[in-house]
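All remarks here apply to the structure that follows.
The values are calculated or read from the model by the stated rules, or taken from the named source; none is laboratory data. Everything numeric in this text was worked out from a predicted model, so none of it was measured. Reconstructed Cβ throughout: ideal geometry from the backbone, glycine too, with neighbour counts over all protein chains shown. Accessible surface is based on the protein model in full, side chains and every heavy atom, while ligands, DNA and RNA are left aside. Shrake-Rupley method; radii C 1.70, N 1.55, O 1.52, S 1.80 Å.
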Amino acid sequence: MQEYQALYDAIVKGDAKSAREVTQKALEQKVDPMHLVTTYMIPAMAEVGRRFENNEYFVPELLLAARAMKSAMELIRPLLVATGAKPVARVVIGTVKGDLHDIGKNLVASMLEGGGFEVIDLGVNVPPEQFVKAAREKEAQIVAMSALLTTTMPGMKATIEALKQAGIRDKVKVLVGGAPVTQRFADEIGADGYSETAAGAVAVAKKVLGLN
Amino acid sequence: MHPLLEKLLSHTPVVTDGAWGTELTKRGLPPGEPPERWNLDRPEEVAAVAQGYVQAGSQVILTNTFGANRFRLADYGLAEELVTINRLGAKISLEAAGGKAYVFASLGPTGKMIFAGEISPVEVIEAYREQARVLAEAGVHGFVIETMSDVQEAQLALSGVKPLGLPVVVCMTFDTGPESDRTMMGVTPEEAAQILTESDADAVGANCGTGIERFFNVLERLKKGTNKPLWLKPNAGLPRIENGVAVYDAIPEDFAEKAVQLAYQGAAFIGGCCGTTPEFIRAINQRLGR
């Protein structure tokens, strides 16, 4: 962590402009894009997550950091694709049917991207069959669902049922989260993982896949 | 102080109402359905909730218009119905109040993030002014801007609504951090109270959150930031989910005991949020000997 420490700092501070500039410069100097991701970007998002967990950072700081990371990733992703580098895993994420709240879902999506996952965001008000279709077509390893309303939480169970019906339940791990969601609820509906916070989602995602 | 608030606060605490959303759910509002749609489709159910609170002795009741701003309604394809939904929301509460309670119109968040650039400050002001104007013309007595997680949005809402001349209460939701003493955006009660007081709110406060116990700390800290009347509406704790249905375990009498204690410690307005019912309001009144 020395030469492109500025990239780490820019992400932690949520400075998208600097993050992009430093990345641009590094790539011009033929630095390995994967090196930038693993040495600076992922640790930076991990640090942001740590500060969020400790209530040093709140939603605005988290979103700004995610945005900074994204602006750097936009330059890096095409190069990664060209070199055939693979993401940690592919995640299909969405807010369940009947629920239009996207703040928490967006935060989790950002944190997962920051953790090296490829994230396919289905948006809000996503019915079970759409989760199933996307999981199948994109060959996702994880299906992640969000709900803010107690009245829409049953959509999570319905989606798990739909994955079973489609015969792909054993091909994906299911993660759930959102203000009213608890570990107990996650267990009851047969989800594989639950995180109380957006920042904690990365660790849970890796855990359910048997990575560390 | 606004003359209406002065009149109301000649005898404190003023008992407000309890939850609307969770009451409508009990009456069959389907999952994911915006409660405001029932102003159009099931006005008798909305009226029953309002009447329940008036009968329980609420001195101020709100309206079923929490999400009836242009942004939230557009999410449900109801943008065209904005005027009708708000007008009916005011009418239902005013009729239920029947002169026995004041009606303050509920204005909730837009659901968009200003700092993330999803919506501009001017759009926020215009949206609240548009909604508030309909409600004022329909005859409501005041406004409650509530469940706000972004102080900037609350300020903009206030500046949109205040010129209509009715009293405006602004309350934030403190539900973040180990002590539930920050907004989602990380702002403390002291900071929020000070900013909203400087922006000329007629009363400031807190609603929803993670349970009434947390409101003692929040109340003390709101006091440090303002000398305006304080408005508190805690929820009945966090729900358990039983067979897919949210169950609140709080007991009305326990809630009422704490609510009255909050009033002794300086809350001028006291009521309840999610999970509270007319029974909770009745229990508060009983404990106050009313």
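Just a few scattered comments:
- Value of Rg/Rh across region B:3-287 [Cα atoms, Kirkwood radius]: 0.93
- Computed over region B:148-290, the ratio Rg/Rh where both radii use C-alpha atoms and Rh is Kirkwood: 0.98
- Computed E for B:Glu126/A:Asp187 - FRET, C-beta separation, R0 35 angstrom, nearest 0.05: 0.15
- Sites matching GluC sites (Glu not before Pro) across region B:168-237 that sit in DSSP coil, with at most 14 neighbouring C-beta atoms within 10 Å: B:Glu179
- Cβ-placed point charges (K, R +1; D, E -1), dipole of region B:29-186 about Cα centre in debye, nearest 20: 440
- Projected area, mean over directions - region B:195-235, Cα convex hull, nm²: 2.7
- Calculated on C-alpha atoms, the gyration radius of the protein assembly as shown divided by its Kirkwood radius gives an Rg/Rh of 1.00.
- Across A:Leu36, A:Leu80, A:Leu112, mean-square fluctuation computed from a Gaussian network of chain A (C-alpha pairs under 10 Å connected) peaks at A:Leu80.
- A DSSP coil position with no more than 15 other Cβ atoms inside 10 Å describes the following GluC sites (Glu not before Pro) in region A:1-66: A:Glu3, A:Glu56.
- In this Cβ point-charge picture (+1 for Lys and Arg, -1 for Asp and Glu), chain A has a dipole of about 400 debye about its Cα centre.
- For the pair B and A, total buried accessible area rounded to nearest 100 Å², probe 1.4 Å: 1700
- Chain B - accessible surface per residue (Å², probe 1.4 Å): 38
- Applying both filters, DSSP loop and at most 16 other Cβ atoms within 10 Å, to the GluC sites (Glu not before Pro) of region B:109-149 gives B:Glu118.
- For q = 0.19 Å⁻¹, Debye-computed log10 I/I(0) when each Cα of region B:59-147 counts as one equal scatterer: -0.79
- For chain B, a crude dipole built from +1 on the beta carbon of Lys and Arg and -1 on the beta carbon of Asp and Glu, taken about the Cα centre, is about 620 debye to the nearest 20.
- Charge dipole (chain B, unit charges on Cβ, about Cα centre) - positive-most of B:Ile119, B:Pro3, B:Trp20: B:Pro3
- Inverse of mean 1/r across different Cα pairs in region A:1-131, Kirkwood, Å: 15.2
- Carbon plus sulfur fraction of accessible area for chain B, probe 1.4 Å, in percent: 49
- Selection from B:Leu164, B:Gly209, A:Gly155, by position along the positive dipole direction of the protein assembly as shown (Cβ): A:Gly155
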